[in-house]
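Written below as structure tokens is the structure these notes are about.
The values are calculated or read from the model by the stated rules, or taken from the named source; none is laboratory data. Please read these numbers as outputs of a predicted model, since none were measured by experiment. Ideal geometry is used to build each Cβ from the backbone, glycine not excepted, and the neighbour counts take in all protein chains shown.
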Amino acid sequence: GENVEQHPSTLSVQEGDSAVIKCTYSDSASNYFPWYKQELGKRPQLIIDIRSNVGEKKDQRIAVTLNKTAKHFSLHITETQPEDSAVYFCAASIVQKLVFGQGTRLTINP
Amino acid sequence: DAGITQSPRHKVTETGTPVTLRCHQTENHRYMYWYRQDPGHGLRLIHYSYGVKDTDKGEVSDGYSVSRSKTEDFLLTLESATSSQTSVYFCAISESLVNDSPLHFGNGTRLTVT
């Protein structure tokens, strides 16, 4: 079945630095790749997504890149701030479902 | 916030007892999903529904059943709860296929099986 691998599981960066989280997927039919942010005790919330006909998408300090050939996609957060501290999940679509990665706990150190 | 209400928000139950979790939406979305969240495993799909009375299994469906008799309600039942089913359960909805419209999550139900 579809598998999504996410790395690293934990990431600690200094405030103001950049953070990168990477995911790989197994099913070449996947064509939609969202990223969710989950703050402690809260529900996951969509922060950005990308479709397979696009190689890169940016929204302010957040960007996502997709390499269909290599089946991997990445989340880039620039100029990190304390409020970026959270768990981030990548996901890949397969037919009517989303398959999620294992999550990355991002900590921003002041 | 998307109009999704999960109930109860917290529940403690004993091994072997039946448990039903409810997801109610006010968005009239066609698709509804149940995920469980466990440390190190991310969000794993239990069951999903693509319409009234139309459901299918996800990757971790053993020990769970679902029902959807109305568009707005999606019930998850643990027929005989086990300690391995201690988890946080999230309901999610989407207007159409997930690659066409985003998935929105409810606030979760924390279930503890003792």
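Worth pointing out:
- Residue ID - nearest to the other protein chains (Cβ to nearest Cβ), chosen from residues in region A:35-44 that are surrounded by 18 or more Cβ atoms within 10 Å (Cβ to Cβ) and either touching a residue at least 40 places away in the same chain (Cβ under 8 Å) or among the polar types (S, T, N, Q) (or both): A:PRO44
So that you can scan it fast, the table gives a plain yes or no per residue for (1) at pLDDT below 95; (2) polar (S, T, N, Q):
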site: A:GLN14; (1), (2): no, yes
site: A:LYS22; (1), (2): no, no
site: A:SER52; (1), (2): yes, yes
site: A:ARG61; (1), (2): no, no
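Okay, residues lined up against (1) of a type in the set (Asp, Glu); (2) farther than 16 Å from A:PRO34 by Cα; (3) out of contact with any Asp or Glu (no Cβ under 6 Å at 6 or more places or on another chain):
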site: A:ILE48; (1), (2), (3): no, no, no
site: A:SER52; (1), (2), (3): no, no, yes
site: A:LYS68; (1), (2), (3): no, no, yes
site: A:PRO82; (1), (2), (3): no, yes, yes
site: A:VAL87; (1), (2), (3): no, no, yes
site: A:ALA92; (1), (2), (3): no, no, yes
site: A:GLN96; (1), (2), (3): no, no, yes
site: A:GLN102; (1), (2), (3): no, no, yes
site: A:THR107; (1), (2), (3): no, yes, yes
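- Any chance A:VAL99 is surrounded by 14 or more Cβ atoms within 10 Å (Cβ to Cβ), within 26 Å of B:PHE90 (Cα to Cα) and at pLDDT 95 or above: no
- Region A:91-109 residues that are at the interface with chain B (Cβ under 8 Å from one of its Cβ atoms), paired with ones that are β-branched (Val, Ile, Thr) and not in a strand (DSSP E or B) (beta carbon under 7 Å, 6 or more apart): A:SER93/B:VAL98; A:GLN96/B:VAL98; A:LYS97/B:VAL98; A:LEU98/B:VAL98
- Residue list for region B:40-65, filter: under 17 Å from B:GLY108 (Cβ atoms) and either away from chain A (no Cβ under 11 Å) or aliphatic (A, V, I, L, M) (or both): B:LEU43, B:LEU45, B:ILE46, B:VAL60, B:TYR64
- Test result for A:ASN53, loosely packed, with under 13 Cβ neighbours inside 10 Å, farther than 24 Å from B:ASP38 by Cα and within 14 Å of another protein chain (Cβ to nearest Cβ): yes
- Filtering region B:71-107 to residues that are modelled with pLDDT of 95 or more, in a loop (DSSP other than H, G, I, E, B) and surrounded by fewer than 21 Cβ atoms within 10 Å (Cβ to Cβ) leaves B:THR71, B:GLU72, B:SER80, B:THR82, B:THR86, B:ASN107.
- Scan of region A:45-90 for residues that are closer than 17 Å to A:SER30 by Cα, in contact (Cβ under 8 Å) with a residue 40 or more places away in the chain and hydroxyl-bearing (Ser, Thr, Tyr), ordered by number: A:SER74
- For region A:14-34, the set of residues classified as under 13 Å from A:LEU75 (Cβ atoms), in contact (Cβ under 8 Å) with a residue 60 or more places away in the chain and crowded, with 16+ Cβ neighbours inside 10 Å consists of A:ALA19, A:ILE21, A:CYS23, A:PHE33, A:PRO34, listed by residue number.
- Residues in region A:12-50 that are within 13 Å of the chain's Cα centre (by Cα) and either assigned to a strand (DSSP E or B) or among the β-branched types (Val, Ile, Thr) (or both): 20 in all.
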